[in-house]
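Each reported figure results from applying straightforward, stated rules to the coordinates on display, with no laboratory input. Only a predicted model underlies this, so the values are computations on that prediction, with no experimental measurement involved. No Cβ is skipped: glycine too gets one built from the backbone with ideal geometry, and neighbour counts run over all protein chains shown.
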Amino acid sequence: MTTTLIPVVAALVLLTAVYISWRAGRLDRLHIRLELARESLDAALVRRTAVALELAASRLLDPATSLVLAAAAHEARTAGPEEREHAESDLSGALRAVVDQERFRDRLADTPAGAALLEELGTAVAKVLYSRRFYNNAVGVTRTAQRRWLARTLRLAGHTAYPDFFEIDDAPPKALGVE
């Protein structure tokens, strides 16, 4: 009886070790996905800020509008980690205020530089919207995996803190037609 019990116990130990290794590998892959999603989000936010600064400096806007947009873009570009969400939300609000002005799109579309800037701004705003959704999705999946009893008990995530969601007001200007 003991000769048949030893291979069964050894097989169970081996299967348990393989399962734990698989869970640890999955958690590691989720953390890598999360880091890549964060880098993509950061790149999209930087691009949107650059396009907003380009629009503010284009001389296609009146001076007051240019100043408001440039100030919001500068604040978003220079904000620290603690103020980043607030500064990016302020930039979103400034973009909506500027782009959703009456006949703004028509006036800008009449100039060759303005039409190109509008298209570039629409692309940048859409990338921020999608990058943030993808990042927050990755955060949710990673947090769920980190909260599982096996991951907590065996500390498969090490001492890694739960990732935080990136919550900003990223509603695009209606005039851009981004959904």
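Of note:
- Charge tally around residue 20: other residues with Cβ under 14 Å, Lys/Arg +1 each, Asp/Glu -1 each, net +4.
- Largest GNM mean-square fluctuation among 30, 61, 12, using the chain with Cα springs under 10 Å: 12.
- Of the residues 61, 91, 31, the one whose Cα sits farthest towards the positive end of the charge dipole of segment 1-146 is 31 (charges of +1 on Lys and Arg Cβ, -1 on Asp and Glu Cβ, taken about the Cα centre).
- If a spin label sat at a point 7 angstrom from the Cα of residue 154 along the line to its beta carbon, the backbone N atoms of segment 3-23 nearer than 18 Å would be those of 9-23.
- Here the simple spin-label model places points 7 Å from the Cα toward Cβ, and for residue 141 and residue 164 these points are separated by 2.3 nm.
- Near-label residues of segment 73-106 by backbone N, under 18 Å of a point 7 Å along Cα→Cβ of residue 171: 86-102
- Residue 77 paired with residue 13, simple spin-label distance in nm, labels 7 Å along Cα-to-beta-carbon: 6.2 nm
- GNM result for the chain, Cα springs below 10 Å: residue of 113, 87, 157 fluctuating most strongly: 113
- Label point 7 Å beyond Cα of residue 54 along Cβ direction - residues of segment 120-149 with amide nitrogen under 13 Å: 120-125
- By other beta-carbon atoms within 10 Å, ranking 68, 125 with the fewest at the front produces 68, 125.
- D_trans [Stokes-Einstein, Kirkwood Rh over alpha-carbon pairs] for segment 59-152, 4 °C, 1.567 mPa s, µm² s⁻¹: 83 µm²/s
- By the count of neighbouring beta-carbon atoms within 10 Å, fewest first, 38, 26 end up ordered 26, 38.
- Computed about the Cα centre, the dipole magnitude for segment 1-60 is approximately 160 debye when only Lys and Arg (+1) and Asp and Glu (-1) carry charge, each at its Cβ.
- Counting 0.36 nm for each residue step from residue 62 to residue 85 and taking away their Cα separation leaves a gain of 5.5 nm.
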